[in-house]
Every structure is written in structure tokens, then in C-alpha cells.
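Each value in this text was obtained by applying a stated rule to the coordinates, not by laboratory testing. None of the values given here were measured: they were computed from a predicted structure. Neighbour counts run over all protein chains shown; Cβ positions are idealised from the backbone, glycine included.
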Amino acid sequence: MAVAYTALFLWIFVTLALYAMCRPPLATALAFVLGTMFLPSATSFDPPIFPAIGKQEVISIMALLASYIFAGRRMRRAKLGRGLEVLILVSMIGVVFSVFSNTDSLRAGPMVVPGTGPTDFLANAIEQALRWGVPFFLGRAMFTRTSDAKILFIVLAVAGFVYTFPMMVELQISPQLHRFLYGFHQHAFVQTKRGDGYRPMVFMAHGLHLSLFMVMCMASAATLWRLRQKILKFRVGPLAVYLGVMLIACKSTGSTVYGMFIAPMVALAPSNIQVRAATAIALVVFSYPVLRTYNLLPYDYVINLAVEYSSQRRANSLQARLDTEQAMMERIKQRPWFGWASAGRSANRDDVTGEMSTVYDGYWVIVLGKRGIVGYVTLFAMLLLPIYGAYRAMPRIKSRNDRLVLGSLCLMIVINVFDLIPNSTTEGYLTLLSGAVAGLVPGMQRKQAARSREKARGRHMGDGKSRLAGVLTSHRPH
């Protein structure tokens, strides 16, 4: 564990070095992506009163601090709290009501779950800001031009390529690299087994996090191919195909399906179709708790598909998830607006043993259970509303490259948030993507307006020169 804590501490200096040597957009992309790739998982400093400071929190704190040190003008121009990150402030206010409405203790058999105290507000509020608000704001502040977005795509594509080498090692020897370097497995080893092989994790929290990361890397490479953008004079098309193969090697059915959806959409679909599809899926994702409450989704059909095209075991796993969600929804209805303040309080417990009978999977139900409707709406609205902003702006954006960048990012965002329904794949670099779209839409419109003014000024000057030439030639002596 000493090596893991040392790595978190040394990240302070790594981040400062990145921002000192690189342009702010590149430094921000590298800070979030490299930190996610290589810092230890399941490790955190646990100071009193404050929340646990782990991988995501260290990345956010240092990126924010370094951004103000090395890119202060850009940060001030972005105006913290003037964008959608203000919704996290609303969520933090909701935490106050959540904490002070859960001061009662709960009893289940011999187990007593204590109530919340005044200091719980501070820890929960800071956690909300660091995990969600800071990455979103940095994305909005740092990525305001198409060239900035290309940097983000390049970083993800190259990072995915680099990560395939330790992935291939773990595909052969099983997920051991985190244990070799940091001294412990970051997750239950039994969950890495898939058939006769293993699902790699490398240094990420779970194999699902890694497979979703590969989806984003593959989509980034496909976008660069569509933009005709090379990396060190190499064509990116073969890289996108290679990353797609490695995605399949991750042995994650869900992420493989995501890849099968996003790859042709990014590579072939018109940009307006991309944004429309992302907007439609975003609407379904945001409405999922309502659809789930009133059983408006074809669950039986999905389970039958799982039996037919996957296995009975996968179908049983899906049925268990749905049963858990149903039980959790009944629990959430008891305190719907501000939730139960903690996962331990929102869980269903056995009346005899007091042990938790709830197995948490989907992040959406975790948020609803802990923060209630207010917490769910503020968080998912912040992540998804940039897609709607891109949808409204698309008719006014003329540049082909601008439109393709927005279309690809919107698809990547909606895949990320969609995955929060069955899983809990929360990572700062994913939230950074939502912030990037929130910054790119107004940035592209400003640049387009500036180009239009320059053209109008050029035409005006050209007309003036023509009139002057006409005057001079009309008075020329014969």
C-alpha cells in the first residue's frame, strides 16, 4: 500500500509538470487520462471531516489548481459557476437537506445504522464537487475550439494504443499488474474470469471501466479518421480497427455492443444524425427512473434476447439486477426528494441478520437512493444537457469538422451516461467529455461569427477600393 499512497502523492508533481510543459487543453486531457490509466484504484487518504481522497479526487484537485496557476486567464474567462456545473452547486445544497433529514438511526435485526451528523454535509458536498463539478468545469474551460477537441481525441486514441500492451499481458497471465506494482488486487479476482480466460483491468477499478475506456479510445480514433487527421504522419484508420479488436478482447458484452453501435455511427453517419441519435438516447436515459417505475420498458423481451443470444446465466444476472432495482425503487419512494444520505442507509437489509440484501450495480439507482430526485436530476442533467445544446446549435454550425467533432463527442457522452444504468463506471475523464461539449458549442459559434465579421469587413474594404478605383479612373486625363 505504501507504493500506492506514494503514487497518489507524486501525482501532485506530475500534474504541475504537465501544465508547465504543455498547452492547457493538452495538459488537462493528459492529466485526466493518464491519471485514470496508471494511478492506483481502491486507495485513498481518509482525513477527518473531509471525504476520502482517492484517484479521482487527486486528479481533479491537482488539475484545477494547476489550471489556475498556468492558465488563469482561460479559467477566469470560463467563469466558474456560469455554466451547467452550477447544477452541482444545487446538488450540494440538496445534500444539506439530505443530511439533516437523515439524523435518525435505523434498525434491522441486530444491526443499527447510525444517523447522519452535521459534518457529513461537508464531506458529501466536497465529494460532489470534486467528482463531478471540477471535471465538467475544466472540460468547459479548456476545450472551446475544434483544435482543442482534436487534442482530446488524439490523447484518447494514443492512450488506448499504449494500454493495449499491458492488457495483452493480463489476457495471458490474468489481471496481476495492479498487484505487482501496488501490492493488492483492486477488485474481487473472481470477477475477472470469463470463460477459459480473463477480463483485464490493468490499473483501473474494474474490467468494465477498462472496456468502456476502450470504447472511448476506439471512437476517438474513428473520429480522427473521419476528420482525416493523422497522428505523427500515420493514418488512424488501422488504429481504430485495432482498438476495436482489443475492445472485443476485454470480454465485456455491454461495451462490445456499445462499440458495435458507436463505430459505424462515428465513421459513417452524417453529423446531424449522430447528434439526433445521441439526443434521443439521452432523453431515454434521463427518463429511465420514470420508465422503470411505471414498467414502460420491454424487460421481458430483453431477458428473452439474453437467453437466446447469450446464456441463461446472463439472463439470470439481468433478472437479478431488475429485481434489485425494483426493491430499491420501493425503498427510494419512502424518501424520494433528498434520499437516504448514504448507501448504507438506502440499502434494503435482512430483518433477521441486519445484513444488506441489496447489491448495488447501476449508478442511477445509487444516486437516487443517496441523493433522491434532486441529486439525480442535477447530476444527469449536467451530463446530458450539453447534448441538447449541440442539437439546437447544429443548424447554425456550418463547418464540417466542427459538426463531426460535436457529433462524435455527443455519442461518446451518451454511451458513458447510458452505462450508468447497468454499471457504476464513473471516471473524471468521462465527465470531462460532457464539459468539453458545453465549451465547444459556444466556442464554435463565436469563432464562426468572427469569421463572418472578417468576411464582411473584407467585402466592405474591397467595395471601397473598387469605388475609389472607379473615381480615380473616371478623372484620369485622356
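The table below gives the values:
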{"item": "Order by protection proxy (mean Cβ within 10 Å, highest first), peptides 375-383, 149-157, 238-246, 218-226", "result": "218-226, 149-157, 375-383, 238-246"}
{"item": "Cα gyration tensor category, rounded, prolate or oblate, for segment 269-471 with a/c compared to 1.5", "result": "prolate"}
{"item": "Residues in segment 107-130 that a label on SER357 would reach, taking backbone N under 18 Å of a point 7 Å out along Cα→Cβ", "result": "107-113"}
{"item": "Karplus-derived HN-Hα couplings along segment 193-206 (A = 6.51, B = -1.76, C = 1.60, θ = phi - 60°), whole Hz, x at Gly and Pro", "result": "7, 9, x, 8, x, 9, 9, x, 10, 6, 10, 8, 5, 7"}
{"item": "Given charges at Cβ of Lys, Arg, Asp, Glu: segment 269-471 dipole, positive-most of ILE413, ILE387, GLN448", "result": "GLN448"}
{"item": "Radius ratio Rg over Rh of the chain, counting only Cα atoms, Kirkwood formula for Rh", "result": "1.03"}
{"item": "Distant-in-sequence amide H partners of VAL113 (H built 1.01 Å from N, under 5 Å)", "result": "LEU106, ARG107, ALA108"}
{"item": "Total charge dipole magnitude, the chain, about the Cα centre, Cβ charges on Lys, Arg, Asp, Glu only, Debye to nearest 20", "result": "3100 debye"}
{"item": "Using alpha-carbon coordinates, inclination of helix 24-38 to the longest axis of the chain, degrees", "result": "30 degrees"}
{"item": "Mean Cβ count within 10 Å, highest first, over the residues of peptides 30-42, 60-72, 98-110", "result": "30-42, 60-72, 98-110"}
{"item": "Euclidean distance between Cα centres, segment 81-142 to segment 30-71, Å", "result": "18 Å"}
{"item": "Among TYR294, ALA436, ALA159 the positive-end extreme of the charge dipole of the chain (Cβ point charges)", "result": "ALA436"}
{"item": "Förster radius 30 Å - calculated FRET efficiency between TYR5 and VAL96, Cβ distance, rounded to 0.05", "result": "0.40"}
{"item": "Computed lengthening from SER317 to LYS333, 0.36 nm per intervening residue step minus Cα-Cα distance", "result": "3.3 nm"}
{"item": "Packing-based exposure ordering (other Cβ within 10 Å, fewest first) of SER255, SER357", "result": "SER357, SER255"}
{"item": "Segment 269-471 - percent relative contact order, Cα under 8 Å, separation 6 or more", "result": "25 percent"}
{"item": "Across LYS193/LYS370; LYS79/LYS230; LYS251/LYS370; LYS55/LYS370; LYS398/LYS455; LYS79/LYS370, pairs whose alpha-carbon gap is larger than 24 Å", "result": "LYS193/LYS370; LYS79/LYS230; LYS251/LYS370; LYS79/LYS370"}
{"item": "Additional length obtainable on full extension of the chain from ARG446 to THR103, 0.36 nm per residue less Cα span", "result": "118.6 nm"}
{"item": "Helix 55-70 axis, angle to the chain major axis (alpha carbon atoms, nearest 10°)", "result": "30 degrees"}
{"item": "Whether segment 175-311 is rounded, prolate or oblate, judged on the alpha carbon gyration tensor where a/c under 1.5 counts as rounded", "result": "oblate"}
{"item": "Straight-distance crosslink candidates among lysines, where the alpha carbon sits under 27 Å from LYS233 and sequence neighbours closer than 8 are dropped", "result": "LYS150"}
{"item": "Contact order normalised by residue count of the chain, Cα under 8 Å, 6+ apart, percent", "result": "20 percent"}
{"item": "Relative exposure of TYR288, TYR294, judged by other C-beta atoms within 10 Å (fewest first)", "result": "TYR294, TYR288"}
{"item": "Gain in span if fully extended, ALA17 to ASP196, counting 0.36 nm per residue against the direct Cα distance", "result": "60.1 nm"}
{"item": "Principal-axis tilt of helix 271-286 within the chain, Cα atoms, nearest 10 degrees", "result": "30 degrees"}
{"item": "Residues VAL284 and SER399, FRET efficiency given R0 of 30 Å [Cβ-Cβ distance, rounded to 0.05]", "result": "0.55"}
{"item": "Nearest-20 debye value, segment 145-268 charge dipole, Cβ charges on Lys, Arg, Asp, Glu", "result": "360 debye"}
{"item": "Given charges at beta-carbon only (K, R positive; D, E negative), |dipole| of segment 8-144 in Debye", "result": "780 debye"}
{"item": "Sorted peptide list for 432-439, 122-129, 48-55, 190-197, criterion being average Cβ within 10 angstrom, highest first", "result": "432-439, 122-129, 48-55, 190-197"}
